[in-house]
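First the structure, then my questions, so here it is.
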Amino acid sequence: MEIRYWNKEIETADREKLRQIQLQRLKSIIASALKTPFYSRRLPSVGIHSPDDIKSLDDLRKIPFTTKDDLRQNYPKGLLSVDTSEVVRIHTSSGTTGVPTVIYLSAKDLDAATDIMARSIYATGTDKTDILQNMMSYGLFTGGLCMHYGAERVGLMVIPAAGGNTKRQIQLMKDFRTTVLHITPSYLLHVHSKLAEYSVAVSDLALKKAFVGAEPHSENTRRKIEDLFDIDAYNSYGLSEMNGPGVAFECVYKTDLHLWEDAYIVEIINPKTGELVPDGKEGEVILTNLIRHAMPLMRYRTRDLAFLHKESCPCKRTHRRLSRILGRTDDMLIINGVNIFPSQIEEVIMKIPEVGTNYQICVEKQGALDRLIVKVELYSKIFMGEAKQIDNLKAKIADELKASITLKPAVELHEPGVLPVFEGKAVRVVDSRPKL
Ligand code: AMP
Ligand code: ZN
């Protein structure tokens, strides 16, 4: 069988060779992009009418950035370059106001994305003798299926456990001798806090590694995970717009994440000016996908802040390493791995007639997990009403929020005048989780 997950030639290619691969793939992506309604308007407006108008990688910078807003405005098919009969899979991520962003993969795109995922897994020293319990949600989110396919390609036994139901997760880990977890760091810490309750000791498990990602976490959190479970934890970075996990992954040396540059062109920019910043300097991560043709995406503004390391890695891979994610340039909250924009919450609660004019969104730590509390002021007439009605209203608000943001917050109802009032720009989000 062809081994596609350790491609020494590409993973250790010299920088010039990598640039050649990038240029050739970029031209081919431009050809696909020109078939989409969105880029067929945008590219000619900057003088790009055919792939031949890209002479060198520097020409990439002629292309304007693509934003999440562009994706929303062109929902659902504005960035699709092929007939849907060529598409084998879609994924979405949550949008800012309920409009999701969607990605489309052809069979070839899925194959290419799976190769990169497999490469990431293999870079951590994981191989077909391992057993992976994938504790990320399956479905429209990429963390489930995309990791699953990559792990199967390496030949691992995959347990598609998905998120939640901690008791069952621990049972599965124990019964099937799981060696590797794919999980958010907060959930993994939560799992640890539950072991004693189910009379399971770390030594009853066969865990060796965890791939942790989907949410910001610090080096200290990684160490804590490693110490508590006596395992190695590898940082995994990705976003649904770029096919999900596997954009950048740590190798066995765990010195930040190799960003697979034959599959993605990375630029780090000053988010205010759009200018490139040099390696070693923090800025916004901009990504161009070189391996997806059904839905090309170029110079995508991830809104994630990070920097690229200058030094090479002892593993000899030449693909540059991205630092851990240091923050965001927008107000997106990541709550137990789920992306939520405050505007989504506002949209839902302001549609409910009983809700007054003021609200507050609080995020706090409860044990290892995040807890979202939405505090809402009611009109006084309603607040003074029957207790049962108030309870029903509370449940209704929580349900409607769940339908929009996928997780169910605690809802607190208040009488008018209780929540802070702002004369200038309102600060409605109170995030009291410890800073990274
Ligand atoms: P999604 O599109 O739902 O997969 O969410 C992608 C976003 O999750 C990224 O843009 C990051 O903000 C965040 N994210 C993913 N992986 C990591 C990670 N390893 N560390 C910090 N944040 C991450
Ligand atoms: Zn390395």
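The values are calculated or read from the model by the stated rules, or taken from the named source; none is laboratory data. Everything numeric here is computed off the predicted structure, so don't read it as measured data. All Cβ positions, glycine included, derive from the backbone under ideal geometry; neighbour counts span all protein chains shown. SASA here: full protein model, heavy atoms, side chains in, ligands and nucleic acids out. Shrake-Rupley method; radii C 1.70, N 1.55, O 1.52, S 1.80 Å.
To the nearest 10 square angstrom, what accessible area does Glu311 show with a 1.4 Å probe?
110 Å²
Measure out, as a whole number of angstrom, how far apart the alpha-carbon centroids of region 379-436 and region 32-102 sit.
Here the two parts' Cα centres lie 38 Å apart.
While we're on this one: For Lys77, go through the aspartates and glutamates and keep the ones whose alpha-carbon is under 15 Å away, minus same-chain ones fewer than eight residues off.
Partners within reach: Asp69, Glu86, Glu241.
Next up: Using a simple charge model, +1 on the beta-carbon of Lys and Arg, -1 on the beta-carbon of Asp and Glu, nothing else, what dipole does region 264-364 show about its Cα centre, in debye to the nearest 20?
700 debye
If the only charges are +1 at each Lys and Arg Cβ and -1 at each Asp and Glu Cβ, what is the size of the charge dipole of region 236-300 around the Cα centre, to the nearest 20 debye?
Working: 5 positive and 10 negative charges, 32 e Å.
Once rounded to the nearest 20, the dipole reads 160 debye.
Using alpha-carbon pairs under 8 Å, 6+ residues apart, how would you state the relative contact order of the chain in percent?
Relative contact order comes out at 14 percent.
Once amide H atoms are built 1.01 Å from N in the peptide plane, which residues 5 or more positions from Tyr264, or in another chain, come under 5 Å H to H?
It is Leu290, by chain and number.
Now for a different question. Short version: ³J(HN,Hα) in whole Hz for each residue of region 40-52, in order, from phi by Karplus 6.51 cos²θ - 1.76 cosθ + 1.60 (θ = phi - 60°), x for Gly and Pro, what are they?
Listing the rounded values in order: 5, 8, 6, 5, x, 5, 10, x, 9, 10, 8, x, 5 Hz.
Same structure again: Going toward the positive end of the dipole of region 244-401, with +1 on Lys and Arg Cβ and -1 on Asp and Glu Cβ, which of Gly337, Met298, Leu308 do you reach last?
Farthest towards the positive pole: Leu308.
Which far-off residues, 5 or more places away or on another chain, put their amide H under 5 Å from the one on Asp431, with H placed in the peptide plane?
Under 5 Å from the amide H of Asp431: Val363.
Here is a further query. Taking the dipole about the Cα centre of the chain, with the C-beta of Lys and Arg at +1 and of Asp and Glu at -1, give me whichever of Leu34, Asn7, Thr178 is farthest to the positive side.
Highest projection toward the positive end goes to Asn7.
Per DSSP H run of at least 4 residues, take -39500 (n - 2.57); add these up for the chain, divide by its residues and hand me the 222 nm value, nearest 500 deg cm²/dmol.
The helix-only estimate for the chain comes to -9000 deg cm²/dmol at 222 nm.
A further question on this structure: Quick one: Karplus J couplings for region 405-417, per residue in order, coefficients 6.51, -1.76, 1.60, θ = phi - 60°, nearest Hz, x for Gly and Pro?
9, 6, 10, 8, x, 6, 10, 10, 9, 10, 7, x, x
Still on this model: Heavy-atom accessible area of Phe422 with all protein chains present, probe 1.4 Å, nearest 10 Å²?
Here the accessible area works out near 80 Å².
State which entries of Lys35/Lys55; Lys408/Lys435; Lys272/Lys402; Lys68/Lys108; Lys8/Lys254; Lys68/Lys316 exceed 30 angstrom in Cα-Cα distance in the structure shown.
With Cα atoms farther than 30 Å apart: Lys272/Lys402; Lys68/Lys316.
Provide the packing ranking of 82-92, 241-251, 291-301, i.e. peptides ordered by the mean count of other C-beta atoms within 10 Å per residue, highest first.
241-251, 291-301, 82-92
If you don't mind, there's one more thing I want to ask. If I ignore ligands, DNA and RNA and count only protein heavy atoms, how much of Asp230 is accessible to a 1.4 Å probe, in Å² to the nearest 10?
Solvent-accessible area, nearest 10 Å²: 130 Å².
For region 8-330, just say rounded, prolate or oblate: build the C-alpha gyration tensor, square-root its eigenvalues into a ≥ b ≥ c, call rounded for a/c under 1.5, and beyond that prolate if a/b exceeds b/c, oblate if not.
prolate
Place the peptides 278-288, 183-193 in order of packing, highest mean first, counting for every residue the other Cβ atoms within 10 Å and averaging per peptide. Don't skip to the end; give the middle numbers.
Numbers: 278-288: 18.8, 183-193: 21.5.
Top to bottom by mean Cβ count within 10 Å: 183-193, 278-288.
Would you mind checking which residues have amide H under 5 Å from His414's amide H? H placed 1.01 Å from N; only 5 or more apart, or other chain.
Val376, Glu377, Leu378
Let me ask something additional. Suppose we look only past 19 Å in the calculated P(r) of region 23-77. What percent of the Cα-Cα pairs does that tail hold?
That fraction is 25 percent.
Let me ask something additional. Is there a quick way to get the dipole size of the chain? I mean about its Cα centre, with the Cβ of Lys and Arg at +1 and of Asp and Glu at -1; what is the value in debye to the nearest 20? Working shown, then result.
Working: 59 positive and 56 negative charges, 56 e Å.
That gives the chain a dipole magnitude of about 260 debye.
May I ask you to evaluate 6.51 cos²θ - 1.76 cosθ + 1.60, the Karplus curve with θ = phi - 60°, for each residue of region 385-400 and list the ³J(HN,Hα) values in order in whole Hz, giving x for glycine and proline?
With coefficients 6.51, -1.76 and 1.60, one gets x, 5, 4, 5, 5, 5, 4, 4, 5, 4, 5, 5, 4, 4, 5, 5 Hz.
Follow-up. If you take all C-alpha pairs in region 338-431, what percent of them are over 21 Å apart?
Result for the distance tail: 29 percent.
Among DSSP beta bridges whose residues both lie in the chain, state the antiparallel percentage, nearest 5.
Roughly 65 percent of the DSSP beta bridges within the chain come out antiparallel.
Still on this model: Considering only DSSP beta bridges where both residues belong to region 338-431, give the percentage that are antiparallel (nearest 5).
If we restrict to bridges inside region 338-431, about 55 percent are antiparallel.
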